[in-house]
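Below you'll find the structure, written out as structure tokens, and then a few comments.
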Amino acid sequence: MVKVYIAGPMFIESQIDYNLMLANRIRELGIEVYCPNENAEINDKSRRDITGEKIYKHDIDELRASNVLLCQVADCPGTNWEAGYFDCLSKEVNSDMYVGVIGLSSDIRLKTPPDPQKPGFDNQTMYLNQFMVGGLKCSLGLFYDKEDLFKKLVALRTKFDGE
């Protein structure tokens, strides 16, 4: 069975709710999911024994146990680290086990057409780091819409599971 690791911002209530919604929806598609928000071993904020090293080890173990990384494109250093690590696994370690990285960027500002008459701050167009965009396009793709992303995940599940 294919397993998806959800990587993205995860610290405020709306981010947590979004991640849990993604995880539940992907599970409804018959796909196993690791969502760091659900891992009390490293995210119970009432505990004092959780260290950066403990978080890193748990998440690396889960990355290595997954086949696909779902990267929510954001200015989140942890997400970017996970995406780079997983991309390396898929390209340099074992492309049969580690299928690749798929991106989701649902920022509504991406729908704004650029206006050359409004340079800099006045241009409402959203910018994405092109290195990240290129990496996602060279892996499993980048999607604006979660429904299109879910269709791609189902296709990957079907291909990976040989159904």
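The values are calculated or read from the model by the stated rules, or taken from the named source; none is laboratory data. Since the structure is predicted, the reported quantities are computational estimates derived from the model, not experimental observations. Cβ coordinates were reconstructed from backbone atoms using ideal geometry, including for glycine residues, and neighbour counts include every protein chain displayed. All accessible areas refer to the heavy atoms of the entire protein, side chains included, with ligands and DNA or RNA removed. Shrake-Rupley method; radii C 1.70, N 1.55, O 1.52, S 1.80 Å.
Taking the listed residues A74, A83, the one that is touching an Asp or Glu at 6+ places or on another chain (Cβ under 9 Å) and either open to solvent by 50 Å² or more (accessible area, probe 1.4 Å) or closer than 22 Å to A23 by Cα (or both) is A74, with no other qualifying. Say whether the condition of being modelled with pLDDT under 95, in a loop (DSSP other than H, G, I, E, B) and over 24 Å from Y18 (Cα atoms) is met by at least one residue in segment 133-155. No, segment 133-155 contains no residue that is modelled with pLDDT under 95, in a loop (DSSP other than H, G, I, E, B) and over 24 Å from Y18 (Cα atoms).
Here's the yes/no breakdown for (1) under 30 Å from R109 (Cα atoms); (2) hydroxyl-bearing (S, T, Y); (3) in contact with a helix residue (DSSP H, G or I) (Cβ under 9 Å, 6 or more places away or on another chain):
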| residue | (1), (2), (3) |
| --- | --- |
| P9 | yes, no, yes |
| E13 | yes, no, no |
| I16 | yes, no, yes |
| A40 | no, no, no |
| S46 | no, yes, no |
| K54 | no, no, yes |
| D59 | no, no, yes |
| S66 | no, yes, yes |
| Q72 | yes, no, yes |
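Identify, please: which residue in segment 118-129 is farther than 18 Å from T79 by Cβ and loosely packed, with under 12 Cβ neighbours inside 10 Å and is, among those, nearest to the chain's Cα centre (by Cα)?
Step one: filter segment 118-129 for residues farther than 18 Å from T79 by Cβ, giving 118-125.
Then keep just the ones that are loosely packed, with under 12 Cβ neighbours inside 10 Å; that gives 118-122, 124.
On the way: K118: 32, P119: 31, G120: 29, F121: 28, D122: 30, Q124: 25 Å.
Top of the filtered list is Q124.
Within segment 16-27, residues that are at negative phi and in contact (Cβ under 8 Å) with a residue 60 or more places away in the chain reach no partner that is among the small types (G, A, S) and open to solvent by less than 70 Å² (accessible area, probe 1.4 Å) with beta carbons closer than 6 Å at six or more positions or on different chains.
If we keep just the residues of segment 28-71 that are without any contact (Cβ under 8 Å) to a residue 60 or more places away in the chain, surrounded by 14 or more Cβ atoms within 10 Å (Cβ to Cβ) and β-branched (V, I, T), which is nearest to Y5 (Cα to Cα)? Per the criteria, the residue is V33. Considering segment 104-117, the residues that are open to solvent by less than 100 Å² (accessible area, probe 1.4 Å) and either part of a loop (DSSP other than H, G, I, E, B) or touching a Pro at 6+ places or on another chain (Cβ under 7 Å) (or both) include one that is nearest to G84 (Cα to Cα), namely S105.
Exactly one residue out of V101, V93 is closer than 24 Å to V2 by Cβ, at pLDDT 95 or above and out of contact with any strand residue (DSSP E or B) (no Cβ under 7 Å at 6 or more places or on another chain), and it is V93. Can you pull out every residue in segment 91-103 that is of a type outside the set (D, E), open to solvent by 10 Å² or more (accessible area, probe 1.4 Å) and not in a loop (DSSP other than H, G, I, E, B)? Scanning segment 91-103 gives K91, V93.
Residues in segment 1-23 that are farther than 17 Å from A155 by Cα and either open to solvent by 20 Å² or more (accessible area, probe 1.4 Å) or at pLDDT below 90 (or both): 12 in all. Can you tell me how many residues within segment 65-86 are small (G, A, S) and assigned to a loop (DSSP other than H, G, I, E, B)? Of the residues in segment 65-86, 3 are small (G, A, S) and assigned to a loop (DSSP other than H, G, I, E, B).
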